[in-house]
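Student: Just passing along the structure, written as structure tokens.
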Amino acid sequence: MAADLTRASCAVVLRDEATASGLADMLHQFLAQTVASSPGKARLACRLRGALLFRAAEDELLTVSIAFSGAGIEVGDAPGPDPSLPMLTADFLTTAHLTTGEERPLGLLVRRRMRVRFRLGQALFLWRVLGLLRIAPEGAPARARWRWALAVGLLALAALAVLAVALVALTTDNR
Amino acid sequence: MSAIYSQAWYDDLKRLIEGSAEFAARAPKERIAMALEVVGDASSPYVPAGQERHYLIVLDGAKVTTLDRLPARHDGRDLGFRFTAPATVWESIAAGLLDPITAGLRGTIRVRGDMRFLMKNADAVKILVDLYAAQVETDWPSGKPPY
């Protein structure tokens, strides 16, 4: 039996609800509430394709898979680590601090409070999933949009400058 | 020392929560209501199989404004969280034999509610469960876990 907590286009489903671990159940509720809380998060969730494993540091027998199909997200208990999937291991407090932005992933990795295993090709997917899990502080979306706009603007200016320099160099060479 | 499940035991817990400077520093700003559901089982000498005990805890900042036993299951209105577990699990936690966070992750305690709020206030939650688990001196008139 599966539970669907969202009416949004990106449904979040808990596999084998009756026997699901608390970790799977809580991740299911967290993802469903995250997707339901913001159209931006729902869009991001629906664009993701792939799966990852989340393992509880308190009990490493507890591993949960989160699979993004494009149509939705399926959460369920996994039999254990799967070398083909990226895997994140953290305890409850670390996970909370990661989702609230109180701690940055790099800092947690350096201090070995979080362990991540992934292939190079899975890095972007993993990064985007961490972005989805992140709870935006009050008023953050507007600030984030401004930061993005500024970054894109600066990149565009830099690209134009490089193009201009290249054109000038080309013109000079042709003379 | 007060007996498990007695009003005095819950009064002790309330005093511990309100006396914790650590909790006061981390307590959520919002008022939050939680239901604790104790489901009787064959092992517990306090809550036998077929019986249930229901409690309502309301926190307003670092103050415990309500810590009452309810006559029946809370209907869910204005409830932030519902924590449900067998009596033996709650008793094992109170006896310091079981880590409540691990019990929640394994699903022995079922948690229903706003997980985003839970994540945002994880430090406060950890302090609360530690207070419940380790700092209440408990009298066990019908025997102490493990049973």
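Student: Is there a residue being closer than 18 Å to B:Ile101 by Cβ and more than 15 Å from the chain's Cα centre (by Cα) anywhere in region A:120-130? Please lay out each step first, then the result.
Tutor: Here is the first cut: in region A:120-130, the residues closer than 18 Å to B:Ile101 by Cβ are none.
No; the residues of region A:120-130 include none that is closer than 18 Å to B:Ile101 by Cβ and more than 15 Å from the chain's Cα centre (by Cα).
Student: Now for a separate question. Yes or no: B:Thr88 under 18 Å from B:Val129 (Cβ atoms), within 12 Å of chain A (Cβ to nearest Cβ) and either among the β-branched types (Val, Ile, Thr) or exposed (fewer than 14 other Cβ atoms within 10 Å of the Cβ) (or both)?
Tutor: Numbers: under 18 Å from B:Val129 (Cβ atoms): yes; within 12 Å of chain A (Cβ to nearest Cβ): no; either among the β-branched types (Val, Ile, Thr) or exposed (fewer than 14 other Cβ atoms within 10 Å of the Cβ) (or both): yes.
Criteria not met by B:Thr88.
Here is a yes/no grid of residues against (1) in contact with a Leu (Cβ under 6 Å, 6 or more places away or on another chain); (2) at pLDDT 95 or above; (3) charged (D, E, K, R):
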residue	(1), (2), (3)
B:Tyr55	yes, yes, no
B:Val58	no, yes, no
B:Lys63	no, yes, yes
B:Pro71	no, yes, no
B:Leu79	no, yes, no
B:Trp90	no, yes, no
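Student: Next question, about the same structure. Output the residues belonging to region B:31-46 that are closer than 14 Å to B:Val58 by Cα, touching a residue at least 40 places away in the same chain (Cβ under 8 Å) and out of contact with any His (no Cβ under 6 Å at 6 or more places or on another chain).
Tutor: Step one: list which residues in region B:31-46 are closer than 14 Å to B:Val58 by Cα, which gives B:31-36.
Then drop every residue that is not touching a residue at least 40 places away in the same chain (Cβ under 8 Å), which leaves B:32-36.
Within region B:31-46, B:Ile32, B:Ala33, B:Met34, B:Leu36 qualify.
Student: Being crowded, with 21+ Cβ neighbours inside 10 Å and more than 17 Å from B:Ala33 (Cβ to Cβ) is the filter; apply it to region B:104-127 and report the residue that is farthest from the other protein chains (Cβ to nearest Cβ).
Tutor: In this case the residue turns out to be B:Ile109.
Student: Could you say whether any residue in region A:45-68 is surrounded by fewer than 16 Cβ atoms within 10 Å (Cβ to Cβ), of a type in the set (Lys, Arg) and in the same structural domain as A:Asp16 (by TED's automatic domain parsing)?
Tutor: Yes - at least one qualifying residue is present in region A:45-68.
Student: OK, next. Only one of these conditions is not met by B:Gln135: (1) in contact with a strand residue (DSSP E or B) (Cβ under 9 Å, 6 or more places away or on another chain); (2) modelled with pLDDT under 95. Which number is it?
Tutor: The failed condition is (1).
Student: For region A:15-54, name all the residues that are more than 10 Å from chain B (Cβ to nearest Cβ), closer than 20 Å to A:Pro86 by Cα, of a type outside the set (Phe, Trp, Tyr) and not in a loop (DSSP other than H, G, I, E, B).
Tutor: Of everything in region A:15-54, those that are more than 10 Å from chain B (Cβ to nearest Cβ), closer than 20 Å to A:Pro86 by Cα, of a type outside the set (Phe, Trp, Tyr) and not in a loop (DSSP other than H, G, I, E, B) turn out to be A:Leu44, A:Ala45, A:Cys46, A:Arg47, A:Gly50, A:Ala51, A:Leu52, A:Leu53.
Student: Inside region A:84-119, can you point out the residues that are within 13 Å of A:Leu52 (Cβ to Cβ) and more than 17 Å from the chain's Cα centre (by Cα)?
Tutor: A:Ser84
Student: Let me ask something else about it. Which residue is farthest from the other protein chains (Cβ to nearest Cβ), if the candidates are limited to region B:92-102 and must be surrounded by 21 or more Cβ atoms within 10 Å (Cβ to Cβ) and in contact with a helix residue (DSSP H, G or I) (Cβ under 6 Å, 6 or more places away or on another chain)? Don't jump to the end; show me each part of the working.
Tutor: Our first condition is that a residue be surrounded by 21 or more Cβ atoms within 10 Å (Cβ to Cβ); within region B:92-102, this holds for B:92-94, B:98, B:100-101.
Then keep just the ones that are in contact with a helix residue (DSSP H, G or I) (Cβ under 6 Å, 6 or more places away or on another chain); that gives B:93, B:98, B:100-101.
Values: B:Ile93: 14, B:Leu98: 12, B:Pro100: 10, B:Ile101: 5 Å.
Restricting to residues being surrounded by 21 or more Cβ atoms within 10 Å (Cβ to Cβ) and in contact with a helix residue (DSSP H, G or I) (Cβ under 6 Å, 6 or more places away or on another chain), the top hit is B:Ile93.
Yes/no per residue for (1) more than 28 Å from B:Pro146 (Cβ to Cβ); (2) part of a strand (DSSP E or B); (3) not polar (S, T, N, Q):
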{"site": "B:Pro45", "(1), (2), (3)": "no, no, yes"}
{"site": "B:Gly50", "(1), (2), (3)": "no, no, yes"}
{"site": "B:Tyr55", "(1), (2), (3)": "no, yes, yes"}
{"site": "B:Ala72", "(1), (2), (3)": "yes, no, yes"}
{"site": "B:Leu79", "(1), (2), (3)": "yes, no, yes"}
{"site": "B:Ser92", "(1), (2), (3)": "no, no, no"}
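Student: Going by the conditions given, is B:Gly80 of a type in the set (Gly, Ala, Ser) and in contact with a strand residue (DSSP E or B) (Cβ under 6 Å, 6 or more places away or on another chain)?
Tutor: Numbers: of a type in the set (Gly, Ala, Ser): yes; in contact with a strand residue (DSSP E or B) (Cβ under 6 Å, 6 or more places away or on another chain): yes.
Against the criterion (of a type in the set (Gly, Ala, Ser) and in contact with a strand residue (DSSP E or B) (Cβ under 6 Å, 6 or more places away or on another chain)), B:Gly80 qualifies.
The values are calculated or read from the model by the stated rules, or taken from the named source; none is laboratory data. Quick caveat, the model's predicted, so the values are computed rather than measured. Neighbour counts run over all protein chains shown; Cβ positions are idealised from the backbone, glycine included.
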